[in-house]
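See below for the structure under consideration.
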Amino acid sequence: MYVNGEMLEEPYLKEQHVTISPNATSYTVPDGCYFMLGDNRTNSKDSRYWDEPYVKKNKILAKALFRYFNGETGRIHFSGVK
């Protein structure tokens, strides 16, 4: 990933060497918006796949600090939501 022409360091990615697709696309994110990407890039259905790839800042309601999977209920829970 490049932001303003500079490669972004992403140490949190599981796969450090993701092959760049020949169909790679450039996005220009409008002011006041965000482009959402998953940390599992090769298996994330994120902004790259949405009909409207940009999320307006005023539509972001919370920040999840922790996410965990409950094996008993089969659900994902979020803790520390602000």
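No value in this document is a laboratory result; all are computed from the given coordinates. None of these values were measured; they are calculated from a predicted model.
Amide H contacts of Cys33: Lys57, each under 5 Å away and 5 or more positions distant or on a separate chain (H built 1.01 Å from N in the peptide plane; Pro and chain starts excluded). Length gained on full extension, Trp50 to Ala62: 2.3 nm, using 0.36 nm per residue less the C-alpha separation.
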